[in-house]
1. Only residues that are outside any helix (DSSP H, G or I) and of a type outside the set (S, T, N, Q): list them for region 146-192, please.
2. Could you tell me whether any residue of region 143-163 is modelled with pLDDT of 90 or more, closer than 27 Å to Glu69 by Cα, aromatic (Phe, Trp, Tyr) and surrounded by 13 or more Cβ atoms within 10 Å (Cβ to Cβ)?
3. Is one or more of the residues making up region 10-27 in a helix (DSSP H, G or I), among the small types (Gly, Ala, Ser) and either within 22 Å of the chain's Cα centre (by Cα) or closer than 17 Å to Arg194 by Cα (or both)?
4. Residue check: is Ala53 over 20 Å from Ile150 (Cα atoms), among the small types (Gly, Ala, Ser), touching a residue at least 60 places away in the same chain (Cβ under 8 Å) and in a helix (DSSP H, G or I)?
5. I need the full set of residues from region 47-101 which are surrounded by 15 or more Cβ atoms within 10 Å (Cβ to Cβ), of a type in the set (Ser, Thr, Tyr), over 29 Å from Arg119 (Cα atoms) and at pLDDT 95 or above, in order please.
6. Looking only at region 110-135, how many residues end up being aliphatic (A, V, I, L, M), at pLDDT 75 or above and either surrounded by 17 or more Cβ atoms within 10 Å (Cβ to Cβ) or touching a Phe, Trp or Tyr at 6+ places or on another chain (Cβ under 7 Å) (or both)?
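The values are calculated or read from the model by the stated rules, or taken from the named source; none is laboratory data. This structure is a prediction, so every number in the text was calculated from the model and none was measured. Quick reminder, even Gly has a Cβ in these numbers, built from the backbone with ideal geometry, and neighbours come from all protein chains shown.
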Amino acid sequence: MLDATPRPSIALEGELAGDLSRWLWLVKWILAIPHFVILVFLWVAFCVLTVIAFFAVLFTGRYPRGLFEFNTGVLRWSWRVAFYSFAALGTDRYPPFTLGEAPGYPARLAIGYPQNLRRGLPLIGWWLLGIPQFCLAGILVGGDRSPGFIDVLVFVAGIRLLCKGRYPEDLFDLVLGLNRWVLRVVAYAAFMTRDYPPFRIDAGPREPGLAPGQVSAA
């Protein structure tokens, strides 16, 4: 019998390293500075291209493929840096400098290209329907002056790693689930998927229902 369960168009994965350094996480914010500098410019481009995509989706119902691939690359790069640094602390392997896929890296992200989008999505889906999700995502990631829930959990994991030399797997699974929620909201806010983010935490290193790195076309 065929499985009729809809398959997600977004897949976020992260594999917890078993040999994490006790102390390296304390200086990762320094080591990752080159990435942060580049990502500032990439996110400026991401925002500009999202505005262009807004009008493209509004009038044509399609997301320009070239813009989609670039923005997916920005999210992919951001996730690798976040996984290495303070959104997960899941690996000590330095992230590669690339918008493309890095299959050998323990943090991976893929988004299936949406063949058709609702023309009213930018006006109705983004603004009205997205408000609850935007608020929840803001609580998870925090702001400039206040840490988010993910920050608190990762800090606890860092202290545990420093003192015990071990990252609790159940805590890691929860952190991955919360990052997965945030990524779904970001992709929805950027019109990169027509799937409304579910109000649930899909914890664990793998996207539920998908093989590693596998996504379906939206």
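1. Pro147, Gly148, Gly165, Arg166, Tyr167, Pro168, Ala190, Phe191, Met192
2. Checking region 143-163: not a single residue is modelled with pLDDT of 90 or more, closer than 27 Å to Glu69 by Cα, aromatic (Phe, Trp, Tyr) and surrounded by 13 or more Cβ atoms within 10 Å (Cβ to Cβ).
3. No, every residue in region 10-27 fails to be in a helix (DSSP H, G or I), among the small types (Gly, Ala, Ser) and either within 22 Å of the chain's Cα centre (by Cα) or closer than 17 Å to Arg194 by Cα (or both).
4. yes
5. Matches in region 47-101: Tyr84, Thr91, Tyr94.
6. Kept after step one, since they are aliphatic (A, V, I, L, M), are these residues of region 110-135: 110-111, 117, 121, 123-124, 128-129, 131.
Imposing the further condition that a residue be at pLDDT 75 or above reduces the set to 110-111, 117, 129, 131.
Filter again for either surrounded by 17 or more Cβ atoms within 10 Å (Cβ to Cβ) or touching a Phe, Trp or Tyr at 6+ places or on another chain (Cβ under 7 Å) (or both), leaving 110-111, 117, 129.
Total satisfying the criteria: 4.
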